[in-house]
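Have a look at the structure below, then the notes.
The values are calculated or read from the model by the stated rules, or taken from the named source; none is laboratory data. The shown structure was predicted, so the numbers you read here are calculated from the model rather than taken from an experiment. Backbone-built Cβ (ideal geometry, glycine too); neighbour counts: all protein chains shown. Heavy atoms of the whole protein, side chains included, go into the accessibility calculation; ligands, DNA and RNA do not. Shrake-Rupley method; radii C 1.70, N 1.55, O 1.52, S 1.80 Å.
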Amino acid sequence: QVQLVESGGGLVQPGGSLRLSCVASGMFFSIYRMSWYRRAPGKQRELVATIISGGSTNYGDSVKGRFTISRDNAKNTVYLQMNSLKPEDTAVYYCNAELKATYWGQGTQVTVSS
């Protein structure tokens with residue numbers, strides 16, 4: 001059974017940083033495409049960042065230059081380093097794993113506010 005467990009969310013002031021983690025189990029992690037999505041109140045789900053098995057990355061326009069996605073295949077973990085956070089980054093952040101099927105974590109809340 002595939003499980004994705006996110007952690008690292010919380011409350012941070014504008015301009016601050018957070019690092020999200022997503023630990024995967026029940027899957028051959030290294031071959032999956034891993035992504036972070038977010039959903040802000042009243043908005044549609046948005047792709048934040050993706051990293052494929054080979055390490056190539058892709059980012060949503062709103063986070064380019066501020067967020068960095070990475071993975072540690074030995075730890076079955078994908079990370080999202082978020083810097084220069086803005087209030088508009090406030091959302092529930094979800095970990096996503098995709099190969100032949102798609103799996104989701106339960107989400108972690110990120111709130112950017114002074």
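Just a few scattered comments:
- Surface share of carbon and sulfur [accessible, 1.4 angstrom probe, percent] for the stretch 67-114: 46
- Out of every Cα-Cα pair that the stretch 1-68 contains, those further apart than 14 angstrom amount to 69 percent.
- Reachable lysines from LYS43, criterion Cα separation under 23 angstrom, eight or more residues apart if same chain: LYS64, LYS86
- Cleavage-rule hits, trypsin sites (Lys or Arg not before Pro), the stretch 1-83, DSSP coil, Cβ neighbours within 10 Å at most 13: LYS43, ARG45, LYS64
- Loop-located chymotrypsin sites (Phe, Trp or Tyr not before Pro) across the stretch 14-95 with a Cβ neighbour count of 14 or fewer within 10 Å are PHE28, with loop assigned by DSSP.
- Computed extension length for ILE31-THR57: 7.9 nm, one decimal, from 0.36 nm per residue of separation with the Cα-Cα distance subtracted.
- In this rough spin-label picture, where each label sits 7 Å from Cα along the Cβ direction, the ALA101-GLN13 distance is 4.5 nm.
- Solvent-accessible heavy-atom area per residue, rounded to whole Å², over the chain at 1.4 Å: 53
- log10 of Debye I(q)/I(0), alpha-carbon scatterers only, for the stretch 35-110 at 0.13, 0.16, 0.18, 0.28 Å⁻¹: -0.37, -0.57, -0.72, -1.60
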